[in-house]
Every structure is written in C-alpha cells, then in structure tokens.
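Colleague: Pasting in a structure now, in structure tokens, and then I'll have a few things to ask.
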Amino acid sequence: MSKEGLFPGTTRRDFIKTCVAVSAMLGLPFSMVSKVAAAARKSDSRPAVIWLHFQECTGCSESLLRSTHPTVSNLILDLISLDYHETLMAGSGHQAEKSLHDSMLANKGNYILVVEGGIPTKDNGIYCKVSGKTAQDSLKKAADGALAIIAIGTCASYGGIQSVGPNPTGAVGVRDLVKDKPIINIPGCPPNPYNFLSTVLYYATFKKLPELDQMGRPKFAYGRKIHEHCERRPHFDAGRFARAFGDDGHSQGYCLYKLGCKGPATYANCSVLRFNDVGVWPVSVGHPCIGCTEPDLLFKTAIADKVQIHEPTPFDSYAPVDLKEKGKGPDPLTTGVIGLAAGAAIGAGIMMAKKLPDGPEKGDDHGQSE
Ligand code: FSX
Ligand code: SF4
Ligand code: F3S
C-alpha cells in the first residue's frame with residue numbers, strides 16, 4: 001500500500017491514527033480498530049447524504065472541513081456520498097435544485113439527512129427561504145424520505161442563537177418539528193468535527209445508530225460533564241478561583257467557575273478531545289465554557305452567571321501536585337503539563353475509554369457562596 005493512497009491527501013499513518021482516536025472515543029477495545037478502519041476503507045456502501053443549511057453561520061461545516069486536519073475531512077467526504085451541500089457544491093440555481101430532487105428520489109428511504117441551522121416557524125416560516133421554499137417545508141420534504149437525521153450544531157439541535165429570547169423568528173431545532181425519524185443531535189457551536197466523524201464511522205462499522213442520551217446526543221461524546229476532566233479541576237476542588245479576567249488567579253490558571261464557567265452543567269468531551277489540532281479548548285486558553293452544547297445555557301444564561309451544581313461528579317483523575325506553600329496554588333506549569341498530558345492521552349486513544357461511575361464529591365457548594 002502506498003504511503004498516500006487510501007484517501008487523497010491522507011497518509012496511511014494519519015488514517016490509522018484517526019481510526020485509533022475514533023475507536024477510543026467510541027469506547028471500543030483496541031482490537032476493534034481494524035474493523036473501524038475496514039469500514040472506513042469500504043467505499044461501496046457509502047450512505048447518500050443530503051445536507052441542508054438553514055439559520056446558522058456555517059461554522060459547523062467550516063470546522064469539519066478545515067484544511068489543518070485533512071484526514072478528518074477526507075474521511076468524512078470519502079465515507080459518505082455527499083449529494084447535496086449548498087456551501088460545497090459547484091452547481092447553483094435550478095441545477096442545484098435538480099440534484100437535490102434527484103438524490104432524494106434515487107435514495108428514497110435510505111439517505112442520511114444532515115441539517116445545519118435552526119428552523120424559523122413564525123409567520124409561516126418566511127424568515128428563511130431557499131429557492132422559494134421555507135426551511136420548514138424543505139425540512140419536511142427531505143425528512144420524509146430520510147433513513148435518519150443528523151442535526152449538526154446547537155442551532156439544528158435546539159434552535160441555537162436564533163432561538164434566544166425573544167426569538168423573533170420562532171426558531172426551533174429539528175426534533176421540535178420532525179417526530180417520526182431517528183434524530184441524532186451533535187450540538188456545539190460549532191461541534192467538534194470528531195464527534196460527527198465518529199458518529200458516521202460508528203454507523204459505517206455497526207450499521208446502527210449509537211446510543212443516545214435524553215437530549216438525543218451520542219452518549220460516547222456527551223455522556224460526561226467537561227468539569228469531570230478539566231485540567232483546572234484541582235483548583236476548583238481546592239477553592240482557587242480566577243475572580244476577574246487578567247487577575248492573578250486568572251494568570252495562574254485557576255478555575256474559571258466564578259467567571260461564569262458552565263463546565264459543571266455542560267455535557268461534552270471538549271476537555272478531553274480538544275480543538276484545532278493543537279490541543280486547546282476554551283477553558284485551556286482562559287475563557288469560561290459558555291455551555292455551547294446545552295439548550296438552556298448557550299446564550300440563554302449570561303456568560304458571567306454561575307451555574308448551580310446540582311449533581312456534583314468527581315474529577316476523573318487527580319493531578320499529583322504539591323502545594324508550594326500554605327494557601328498558594330500548585331505550580332501552574334505542573335497543571336499545564338497535566339493538561340498537555342491529557343491531550344496527548346486522547347491522541348493515543350486512552351482517555352475516552354475510561355469510565356468512572358458518578359458519585360458524591362466533597363464540598364458541592366464550591367464557589368457558589370460568593
Ligand atoms: Fe449554529 Fe452551525 Fe453555531 Fe454556527 O452552522 S451551532 S451558529 S457555529 O455553524 O449551526
Ligand atoms: Fe474547569 Fe470550569 Fe469546572 Fe473550573 S468550573 S474546573 S474551569 S470546567
Ligand atoms: Fe462549548 Fe464549553 Fe466546549 S463552550 S466548546 S461546551 S468548553
């Protein structure tokens with residue numbers, strides 16, 4: 001096999017690395033990597049995908065197709081037969097409409113419908129129209145012939161930014177309108193591209209949809225709160241908080257809870273999976289999590305507001321940090337190294353396979369008394 005050759009622009013090494021990371025994310029044993037890789041290689045069973053855009057910023061597509069991680073975008077584009085995608089397709093106007101119509105007809109009952117963006121319902125849905133049809137009508141028609149629907153991003157999952165009060169267009173998510181099809185929500189604004197890739201690969205490997213939580217999200221990606229494996233968690237447990245952007249605690253890498261971090265109420269894998277191929281995520285660069293995977297948090301709870309911690313869950317591993325002196329935090333370099341180590345562990349496909357049961361933690365009112 002050639003070094004380049006499986007997928008154009010993707011080396012064999014990158015391909016295998018991605019399959020290992022995806023398998024680990026799915027919680028599969030290492031022995032399953034070859035099965036996942038085989039499913040990814042099989043091009044004869046590529047599901048037809050119709051991808052519709054409604055009220056959104058296209059960040060979801062953008063984050064999937066970044067040229068910095070060609071393996072992810074190549075894999076996605078090779079795993080599926082992307083028959084219709086308004087941002088990527090060359091055709092336009094009647095030609096584009098024809099390809100949408102032809103694909104829906106040819107693949108009736110078998111295609112995957114991916115929806116990006118919220119759907120306006122007020123005033124008969126006139127606030128988003130493509131080709132003279134309202135988003136609501138286009139969704140209904142495309143959903144009728146779909147095998148399953150993937151709502152990518154928080155907009156398609158729950159309405160997203162457009163649904164924030166007073167919600168002038170009456171924006172809602174796919175599941176508010178479609179009741180008779182399996183719907184997988186992959187929220188995030190934008191979601192991590194690996195969560196989409198892993199869902200598609202899971203389907204390609206096992207020919208069934210992954211297990212979902214009550215919000216319709218794949219449990220493998222949204223089964224735990226980011227607070228459970230955040231590198232700032234030792235600071236939270238020790239009561240060391242940044243109190244203002246740029247203050248001493250902030251520059252020392254302390255917990256961002258008092259700046260409004262929604263990590264204790266947000267189900268997502270950002271703190272393990274990270275973003276942009278360089279191992280960063282919002283909290284690692286000093287910004288509180290704004291709960292972008294949660295329907296009631298993203299833009300609906302002020303960034304600075306603190307979330308209540310109703311169901312405290314334990315940190316999944318404690319950093320071996322020493323207090324340098326009484327009342328002072330651990331060396332920020334140490335916590336930084338731990339953060340990097342966590343990122344590297346994901347690359348090696350270890351962290352996501354690790355599961356600890358929920359349980360009580362001490363001091364569950366941490367930080368809420370101020
Ligand atoms: Fe929404 Fe996706 Fe946020 Fe944007 O399109 S989830 S506004 S990142 O891109 O739908
Ligand atoms: Fe990390 Fe936020 Fe939890 Fe603090 S509150 S430990 S910054 S997730
Ligand atoms: Fe979103 Fe919070 Fe992750 S803002 S990207 S869920 S850290």
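Colleague: What list of ³J(HN,Hα) values in whole Hz, one per residue of the stretch 148-156 in order, does the Karplus curve 6.51 cos²θ - 1.76 cosθ + 1.60 (θ = phi - 60°) give from phi, with Gly and Pro shown as x?
Modeller: 7, 10, 10, 8, 9, x, 6, 4, 6
Colleague: Next question, about the same structure. With Cβ to Cβ distances under 11 Å as the rule, what net charge do the other residues near Ala40 carry (K, R +1; D, E -1)? Write out the running numbers ahead of the final one.
Modeller: On the way: positive: Lys35, Arg41, Lys42, Arg46; negative: Asp78.
Summing Lys and Arg as +1 and Asp and Glu as -1 gives +3.
Colleague: A follow-up question, please. Return the Rg/Rh value of the stretch 152-291, two decimal places, where both radii are evaluated on C-alpha atoms and Rh is the Kirkwood radius.
Modeller: Numbers: Rg = 16.9 Å, Rh = 16.5 Å.
Answer for the stretch 152-291: 1.03.
Colleague: Also, I was wondering about something else. Suppose the chain between His94 and Leu209 were pulled fully straight at 0.36 nm per residue; how much longer would it get relative to their current alpha carbon spacing? Each step should come with its number before you reach the end.
Modeller: On the way: separation 115, 0.36 × 115 = 41.40 nm, distance 3.39 nm.
Value of the extension gain: 38.0 nm.
Colleague: May I ask you to evaluate 6.51 cos²θ - 1.76 cosθ + 1.60, the Karplus curve with θ = phi - 60°, for each residue of the stretch 277-288 and list the ³J(HN,Hα) values in order in whole Hz, giving x for glycine and proline?
Modeller: Per residue, the Karplus-derived 3J(HN,Hα) values read 6, 10, x, 10, 8, x, 5, 5, 9, x, 9, x Hz.
Colleague: How many percent of DSSP beta bridges within the stretch 140-285 run antiparallel, rounded to 5?
Modeller: Percentage antiparallel, nearest 5: 40.
Colleague: Could you give the length gained by full extension between Ser251 and Lys300, i.e. 0.36 nm per residue of separation minus their alpha carbon distance, to one decimal place? Can you show the working numbers first?
Modeller: On the way: separation 49, 0.36 × 49 = 17.64 nm, distance 2.79 nm.
That pair, Ser251 and Lys300, stretches by 14.9 nm at full extension.
Colleague: Follow-up. Please give me the summed charge of the neighbours of Met89: other residues whose Cβ is under 12 Å from its Cβ, Lys and Arg +1, Asp and Glu -1. Don't jump to the answer; show the numbers that get you there.
Modeller: Numbers: positive: Lys98; negative: Asp83, Glu86, Glu97.
Net charge around Met89: -2.
Colleague: Amide H neighbours of Ala171 under 5 Å, at least 5 residues apart or on other chains, H built in the peptide plane: list them.
Modeller: For Ala171, the qualifying residues are Thr121.
Colleague: Name all residues of the stretch 153-172 having a backbone nitrogen under 19 Å from the label point set 7 Å from the Cα of Lys122 along its Cα→Cβ direction, giving them as ranges.
Modeller: So the set is 155-156, 158-172.
Colleague: Another question, then. First check a/c for the stretch 240-297, with a ≥ b ≥ c the square roots of the eigenvalues of its C-alpha gyration tensor; if it is under 1.5, answer rounded, and if not, answer prolate when a/b is larger than b/c or oblate otherwise.
Modeller: On the way: a/c = 2.52, a/b = 1.29, b/c = 1.95.
It is oblate, given that a/c is not under 1.5 and a/b is not larger than b/c.
Colleague: Give me a comma-separated list of calculated 3J(HN,Hα) values for the stretch 290-307, in order, Karplus coefficients 6.51, -1.76, 1.60 applied at θ = phi - 60°, integers in Hz, x for any Gly or Pro.
Modeller: Here the 3J(HN,Hα) series is 9, x, 6, 9, 10, x, 9, 9, 4, 6, 9, 10, 4, 4, 7, 6, 8, 8 Hz.
Colleague: Under a point spin-label approximation (7 Å from Cα along Cα-to-Cβ), what is the Ala106-Ser131 distance to one decimal in nm?
Modeller: The two pseudo-label positions are separated by 1.4 nm.
No value in this document is a laboratory result; all are computed from the given coordinates. All values derive from a computational prediction rather than experimental measurement. Positions of Cβ are generated from backbone atoms using ideal geometry, with glycine treated the same way; all protein chains shown enter the neighbour counts.
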